[in-house]
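What follows draws every value from the coordinates through simple rules; no lab data is involved. Because the structure is predicted, anything quoted here is derived from the model rather than measured. Heads up, the Cβs are rebuilt from the backbone with ideal geometry, glycines too, and the neighbour counts pull from every protein chain shown.
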Amino acid sequence: MTYSIEVLLEEKDEFSTFLKNRIQEYNNEHSLPHRNTRAEGSIKPINIIVSDSQQKWIGGITAECYWNWVEIHYFWFSEESRGKGLGGQLLDQVETIARQNGATKALLTTYEFQARSFYELKGYEVVGEIKDYPPGSSYYTMVKTLIDNPPSL
């Protein structure tokens, strides 16, 4: 068999989609939870959007529930909206929705310069750390057990 190797130093969406699809097919073949989740369409998205009085987005959170977990993907607020308790409210709301959808654990990642201490105050624990990523900082994987941690009122 003859091979050709092409190196691109730019985005190639079609190729990324090709690889993603092949990995999903492989996972489906070798992992019953992967196959069942995709077949049943049981990934439940959560999007909570916060807007100002002019209906401009000032922050929010995105997550997905599957395998009795909620995975928090993106969580951000504009600088002027921080420190007002909105983040805690949204995180509590996502966890409540996740529990209602059968989640017993939560998963997220954060950088040292982002929100590690905030998440720790909310009951998350570091289960993995990549040091010096980016240089001079760390990247954390954090987990929280939801069944014993109802949202604070």
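Things to note:
- Among the DSSP helices (H) of the chain, those spanning at least 15 angstrom by Cα along their long axis with an average Kyte-Doolittle hydropathy of -1.0 or more are 86-100; this is a geometric and hydropathy rule only.
- Relative contact order of the stretch 28-153, taken over Cα pairs closer than 8 Å and 6 or more residues apart, is 19 percent.
- Estimated FRET transfer efficiency when R0 is 25 angstrom, pair HIS30-LEU9 (beta carbons, to 0.05): 0.20
- Rg/Rg_globular for the chain, with Rg_globular taken as 2.2 N^0.38 Å and Rg from C-alpha atoms: 1.25
- Electrostatic tally near THR109: other residues with Cβ closer than 11 Å to its Cβ, Lys and Arg +1, Asp and Glu -1, net -1.
- Approximate spin-label separation LYS131-VAL143, in nm, with each point projected 7 Å along Cα-to-Cβ: 2.2 nm
- Per residue, the chain reaches -9500 deg cm²/dmol at 222 nm when only DSSP H runs of four or more residues are counted, each adding -39500 (n - 2.57).
- Label-to-label distance, LYS56 versus ARG38, with points set 7 angstrom from Cα along the beta-carbon direction: 4.1 nm.
- Rough spin-label spacing in nm, given labels placed 7 Å along Cα→Cβ, for LEU86 and SER117: 2.1 nm
- Footprinting exposure proxy ranking of PHE75, PHE118, fewest other C-beta atoms within 10 angstrom first, gives PHE118, PHE75.
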